[in-house]
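A short worksheet on the structure shown next.
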Amino acid sequence: MSGPVKTDSDNSDSKNGKNPTSGGDVNAPSTTAAYYEKGSAELATESALTLAKIQHRLKLTKKNERLVLVLVGLPGRGKSFIARKLQSFLTWRGSDCKVFNVGKYRRHAAEGACDANFFDTKNSAASNLREKVASLALEDMLKWLDEPFENDANGNGAPSFRKDRVGIFDATNSTKARRDWVLRECTDVVKRAGKTTGVVFVESICDDEELLRENYRTKMSNSPDYKDVDPEKAMADLLDRVKKYEEAYETIDDDSKSYIKIFNLSSKILVNHIYGRMAKSIVPALMAWNIGTRPVFICRAGQTMNEFD
């Protein structure tokens, strides 16, 4: 038996735009739709957690006229290559930039080249000398960062302008203890009072065997440690040196620090707590560099009278 037939009057609510089951307007946005339509128009609610995160970021984004880039990595990982490229880029960008290579200080203090035994952690005399030359290099870098700028042309004693200054501390800096020491020396509130300095660690990691072999050959041909040394003996010594560093090497894993990790010379980059104008400008440069050569075409555009001009 069939049920009652609905008449037009039974559907009057639907025709009038009302939901017959809820009594509401079917054209009115639902609660879910309103949620999505609002988007991010509402002000964020600050909780204790978000405030703590903001404070940490503010600590890392102070307006610093001084920035220290601390290179980290095993021998043959392209640290000095990165240092020179950074120096060229930052100088071109308008900053004062200088590289402080601890290896130069070490060769001067040791009165010449050093073989792999010099880098053995069990060699206490050599370890003390390495610590001493690292301290001298860091001290020179901080002095340079704090030097007054040249006076203006009027000679009234006021600097005409102040550039950003970037010091690049080029060394293996392969242990957590060494990196913590560098950070303390650069940011000590007593020693560095009124000389706020930002610190960013740049670690070069390379596990591409083909790239490593090429890096080793480049190091042997350019490093003063292997000048006039038979290539086979130089390679054996370099590999022995790398092995001794690997025994004590500690990669950066402290996420409270600002650091950039470069894998296989920019095939991959990991960035942690990189804020601020100066530090952020470095990341795109590191991503763009490559170790190969390639042509660069520059086109000078302009109006010509005919196609032969």
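The values are calculated or read from the model by the stated rules, or taken from the named source; none is laboratory data. This structure is a prediction, so every number in the text was calculated from the model and none was measured. Virtual Cβ from ideal backbone geometry, glycine too; neighbours counted across all protein chains shown. Only protein heavy atoms, including side chains, enter the accessible area calculation; ligands, DNA and RNA are left aside. Shrake-Rupley method; radii C 1.70, N 1.55, O 1.52, S 1.80 Å.
Scanning region 232-258 for residues that are crowded, with 17+ Cβ neighbours inside 10 Å and in a helix (DSSP H, G or I) yields a count of 8. Against the list (1) open to solvent by less than 40 Å² (accessible area, probe 1.4 Å); (2) small (Gly, Ala, Ser); (3) modelled with pLDDT of 95 or more, the condition residue 76 fails is (3). Restricting the search to region 185-222, which residues are closer than 16 Å to residue 265 by Cβ and within 19 Å of the chain's Cα centre (by Cα)? Across region 185-222, the qualifying residues are 202, 203, 204, 205, 206. Check whether at least one residue in region 97-104 is among the small types (Gly, Ala, Ser), open to solvent by 40 Å² or more (accessible area, probe 1.4 Å) and either closer than 15 Å to residue 173 by Cα or modelled with pLDDT under 95 (or both), and report yes or no. Taking every residue of region 97-104 in turn, none turns out to be among the small types (Gly, Ala, Ser), open to solvent by 40 Å² or more (accessible area, probe 1.4 Å) and either closer than 15 Å to residue 173 by Cα or modelled with pLDDT under 95 (or both). Only one of the numbered conditions (1) modelled with pLDDT of 95 or more; (2) exposed (fewer than 13 other Cβ atoms within 10 Å of the Cβ); (3) farther than 18 Å from residue 143 by Cα is not met by residue 184, and that is (3). Just name the residue that is nearest to residue 200 (Cα to Cα) out of those in region 267-288 that are part of a helix (DSSP H, G or I) and open to solvent by 50 Å² or more (accessible area, probe 1.4 Å). Once the filter is applied, the top-ranked residue is 280.
Evaluate the following for residue 281: is it under 11 Å from the mean Cα position of the chain (by Cα) and touching a residue at least 24 places away in the same chain (Cβ under 8 Å)? It is true that residue 281 is under 11 Å from the mean Cα position of the chain (by Cα) and touching a residue at least 24 places away in the same chain (Cβ under 8 Å).
When residue 261 is tested against (1) in contact with a strand residue (DSSP E or B) (Cβ under 8 Å, 6 or more places away or on another chain); (2) in a helix (DSSP H, G or I); (3) of a type outside the set (Val, Ile, Thr), only condition (2) is not met. A count restricted to region 213-228 and to residues that are outside any helix (DSSP H, G or I) and crowded, with 17+ Cβ neighbours inside 10 Å stands at 1.
Since residue 269 meets every condition but one in (1) within 21 Å of residue 174 (Cα to Cα); (2) touching a helix residue (DSSP H, G or I) at 6+ places or on another chain (Cβ under 9 Å); (3) in contact (Cβ under 8 Å) with a residue 40 or more places away in the chain; (4) of a type outside the set (S, T, N, Q), which condition does it not meet? Status for residue 269: all satisfied but (3). All conditions in (1) under 30 Å from residue 187 (Cα atoms); (2) out of contact with any Lys or Arg (no Cβ under 9 Å at 6 or more places or on another chain); (3) in a helix (DSSP H, G or I) hold for residue 210, with the sole exception of (1). Among the conditions (1) modelled with pLDDT of 90 or more; (2) within 20 Å of residue 243 (Cα to Cα); (3) surrounded by 14 or more Cβ atoms within 10 Å (Cβ to Cβ), the only one that residue 140 does not satisfy is (2).
In this structure, residue 264 does not satisfy being farther than 27 Å from residue 132 by Cα, in contact with a Gly (Cβ under 8 Å, 6 or more places away or on another chain) and open to solvent by less than 60 Å² (accessible area, probe 1.4 Å).
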